[in-house]
Amino acid sequence: MTDQTYQPTLSQLRAFVAVAEYRHFGTAAARLSVSQPTLSQALAALEHGLGLQLIERSTRRVLVTAAGMRLLPKAMATLEAADRFVASATGDGLGGTLRMGIIPTVAPYVLPALLPELQKKLPALHPQVIEDQTARLLDGLRTGVLDVALLALPTDIPGLIEIPLYTEEFVLVTPRGHELAGRTDLAPAVLDSLPLLLLDEGHCLRDQALDLCRSAEVHPAAVGDTRAASLATVVQCVAGGLGVTLIPEMAVASETARGTLDTAHFATPAPGRTIGLAYRTSTARAEDYEYLAAIIRTMRPS
C-alpha cells in the first residue's frame, strides 16, 4: 500500500524510466552515468515507497509490470516538467539529450543539413538519432524511448501531437531511356502493369505506394518479387533493369546522381506524402518541440 506521505525523488523516477526504456539494468545505469547498485537501490526505494512492483526482474529479462506501464507516462511527464523548469530558469531553452526517431526514407536526406543547424542554433542540445521503421518509432514514442519522431503523417495514434512540416511529391524512377522518362504529365493509372519495385514490408513508403495503386485501381506487375531495405538498393535494381519505383521528391537528387536512371513526374495534383514531427501530448516541452519543428521545416532539401 502506498505511503501517502511518500515523495519520490527525481533520481528514483529517472531510474524507473531508464530501466523501463532499456529493459536492462546495466544499460540503464550507463545511460544515467551511475553504478548499477545505485540504480537498483533507487528503483527499489521507489517501489517500496509506492508499495508497488514496477519492474519484474529475472536472470534472463526485465519486464515492466501493469502498474509500471500505468505509471510510466506520468513519471516521464514529471521528468520532462523538471527538465523544462531548469531550462526555463537558466534560459537555455531546448537543451540536454533529445532522442529523435526518423524514418529511413527521410533520415539520409535531412540529417546532413539538420544536424549542423541544430548545433548552431541549439548548442546545448545533444540529439540522439534513432533510424527505424514507422511502427517501431511510434512504439518508442508511446513508451518513452523517444522524445520526438520525424515521420509521415497522419499517424492516427491517440496521445500524440503531430506538426506537419512539408509535403513532397512522389517521383517515378525508371531505367535510362525508358518510354516514360522525362514526362511531367503522368497519371497514377500509368502504374498499371508496370514492374513496380518496393521497399520491404514495414516501411511506410511501401504502404503509401500500395495505397496509391489501390486508390487508382491499378495493378502493377511484380510487386513483392524484389524487396529492399533502403531506397539506394531499390534504385540500383531499377538501374539494373528490374523495374521502376516511386521515391519521395527529396531523395531524387541523391539517389539518381549516378547517371544511370531517368525520372518522370505526375501531373498536378501529384500523389505524395506529408512529413511531420510527432511527440506525446503529455510532454511539458511542447513549446520547445514547436521550435524544433520550425528549424526542421527550413531544412527541407530543394
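The values are calculated or read from the model by the stated rules, or taken from the named source; none is laboratory data. Everything numeric in this text was worked out from a predicted model, so none of it was measured. A quick note on method: Cβ atoms are made from the backbone with ideal geometry, for glycine too, and the neighbour counts reach across all protein chains shown. Calculation scope for accessible area: heavy atoms of the full protein, side chains included, ligands and nucleic acids excluded. Shrake-Rupley method; radii C 1.70, N 1.55, O 1.52, S 1.80 Å.
What does the charge count around THR268 come to, taking other residues whose C-beta lies under 15 Å from its C-beta (Lys +1, Arg +1, Asp -1, Glu -1)? Cβ neighbours under 15 Å give a net charge of -3. Note on ALA294/THR143: beta-carbon distance plugged into 1/(1 + (r/R0)^6) with R0 of 30 Å gives a FRET efficiency of 0.65. For segment 169-302, the solvent-accessible area with a 1.4 angstrom probe is 44 square angstrom per residue. Based on alpha-carbon atoms, the Kirkwood radius and the radius of gyration of segment 197-236 give Rg/Rh equal to 0.96.
Over the chain, Cα pairs under 8 Å with separation of 6+ residues give a relative contact order of 21 percent. Split the chain at each of the trypsin sites (Lys or Arg not before Pro) in a DSSP loop with at most 11 other beta carbon atoms within 10 Å, and the longest piece is 62-257. Surface exposure of segment 1-136, expressed per residue as accessible area with a 1.4 Å probe, stands at 55 Å².
The H on the amide N of VAL171, modeled in the peptide plane, is under 5 Å from the matching H of ILE247, GLU249, each at least 5 residues off or on a different chain.
Neighbours of GLY26, meaning other residues whose beta-carbon lies under 15 angstrom from its beta-carbon, give a summed charge of +4 when Lys and Arg score +1 and Asp and Glu score -1. Segment 215-279 and segment 13-71 have Cα centres spaced 44 Å apart. Hydrodynamic analysis of segment 160-302 uses the Kirkwood radius over alpha carbon pairs. Inserted into Stokes-Einstein at 37 °C and 0.692 mPa s, it gives a translational diffusion coefficient of 202 µm²/s. By the Kirkwood approach, averaging reciprocal distances over each pair of separate Cα atoms, the chain gets a hydrodynamic radius of 21.6 Å. Across the alpha-carbon atoms of segment 109-162, the computed radius of gyration and Dmax are 12.6, 34 angstrom.
Computed over the chain, the per-residue total of -39500 (n - 2.57) for DSSP H runs of n ≥ 4 gives a 222 nm mean residue ellipticity of -12500 deg cm²/dmol, rounded to 500.
Taking the Cα centre of segment 14-83 as reference, the dipole from Cβ charges on Lys and Arg (+1) and Asp and Glu (-1) amounts to some 240 debye. Among LEU292, HIS126, ALA216, which residue has its Cα positioned farthest towards the positive end of the charge dipole of the chain, with +1 placed on the Cβ of Lys and Arg, -1 on the Cβ of Asp and Glu, and the dipole taken about the Cα centre? Value computed over the given set: HIS126.
Counting only protein heavy atoms and using a 1.4 Å probe, what share of the accessible area of the chain belongs to carbon plus sulfur, as a whole percent?
After summing per-atom areas, the C and S share lands at 53 percent.
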